[in-house]
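Read the figures in this text as sums done on the coordinates, not as results from a lab. On a predicted model such as this, the values are computed, not experimentally measured, just so you know. Every residue, glycine as well, gets a Cβ built from its backbone with ideal geometry; the counts of neighbours run over all protein chains shown.
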Amino acid sequence: MNMFAKLFSIEWIKARKRSVFWVAIVAHAVIIAIALGGQQYIHSVKPKNPAFQLPGGWDNLIMIGAQTGMLMLLIAVTLLTASEATWRTQRQNVIDGLSRGQYFAGKILVVLMLAVILWIDIGIVGMIVAPFGGSGSLQWPVFSDLALRMLPNVLLYFVALGITAFMFGMLASSSGAALGLMFAFLLIEPIIAGIMIQQGGMLPTISRYLPLDVFSNLVARGSYDAAMMAKMNEAMVKNKLPALLSLSTSVVLALCYIAAFAGIAWLNFRKRDL
């Protein structure tokens, strides 16, 4: 068995026994289905209201899936990572023969696995629910040009959020502390951004480069529509606010944040007394 298969096997055995792993996956799918199902029901009662359709409804589907997946991924990865310090499985895995680097790589695999599963959830649920909108609600090809451009960045969005949660899980000494750090980050960063954007000098521009702002650009509809982006930036200029980041800039910055957050987690873990 090669090292990748070994690490995946170890992490899969641990993850599948954790209820938070399954709750995140199932809850994500159920919430998407409820949101889209509600739209289909309203259409059946009031046909003037549009049904959810594919390929025309990918932007709506991705918005729902990304927003729901954000919370599920942050909580699940934080708990799956931090609990290993509490339960001393970090120490036990190293005693059993894994190096610190191999253990760390295994936890990264968990992040990637959850990100991919939630990413797949979006498309599967969308294709299951779409036919309930009536004739023509699911047409081929299912994947529109917009979907093909957005979906890779949705996966990047999930990975970026997962690595952020992973960092907090590795930095904290318990699950409670990790969740506290994660929720503090979610609450404080928008406040800081709001304060910065009201200041003079370079602070408003710098606020556009904060992690959550960058990550949200990856799944924002305007990032994929040049006309919409130009209109939004025109409004920003009128209100003396900095322009929004381009999609390409956001992708590069998201990759940089992924590397930085993973690096912080590794430096902390490498020096930790297990």
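Straight-line cross-link partners of residue 6 among the lysines, defined as a Cα under 26 Å from its Cα and at least 8 positions apart when in the same chain: 14, 17, 107, 271. When Rg and Dmax are taken over the Cα atoms of the range 45-189, they come to 19.1, 64 Å. The alpha carbon centroids of the range 25-86 and the range 181-222 are separated by 24 Å. Relative contact order, whole percent, for the chain stands at 24, derived from Cα pairs under 8 Å and 6 or more residues apart. Peptides 133-140, 246-253, ordered by how many other C-beta atoms sit within 10 Å of their residues on average, highest first, read 246-253, 133-140. Entry note, the range 39-163: relative contact order of 47 percent, from Cα contacts under 8 Å with a spacing of 6+ residues. Placing +1 on each Lys and Arg Cβ and -1 on each Asp and Glu Cβ, with no other charges, gives the chain a dipole about its Cα centre of roughly 440 debye. Computed over the Cα atoms of the range 140-188, the ratio of the radius of gyration to the Kirkwood radius (Rg/Rh) comes to 1.26. List the DSSP H helices in the chain whose Cα atoms stretch 24 Å or more along the helix axis and whose mean Kyte-Doolittle hydropathy is at least 0.0. Taking the DSSP H segments of the chain (at least 24 Å long, mean hydropathy at least 0.0), we get 19-45, 58-86, 100-129, 145-171, 175-197, 247-271. State whether the chain is rounded, prolate or oblate according to the following rule on the C-alpha gyration tensor (a ≥ b ≥ c being the square roots of its eigenvalues): a/c under 1.5 gives rounded; otherwise a/b larger than b/c gives prolate, and the remaining case gives oblate. Note, shape of the chain comes out oblate. Helical content alone sets the calculated 222 nm signal of the chain at -25500 deg cm²/dmol, taking -39,500 (n - 2.57) per DSSP H segment of four or more residues and averaging over every residue.
Oblate is the label for the range 119-231. Its Cα gyration tensor axes, ordered a ≥ b ≥ c, give a/c of at least 1.5 and b/c at or above a/b.
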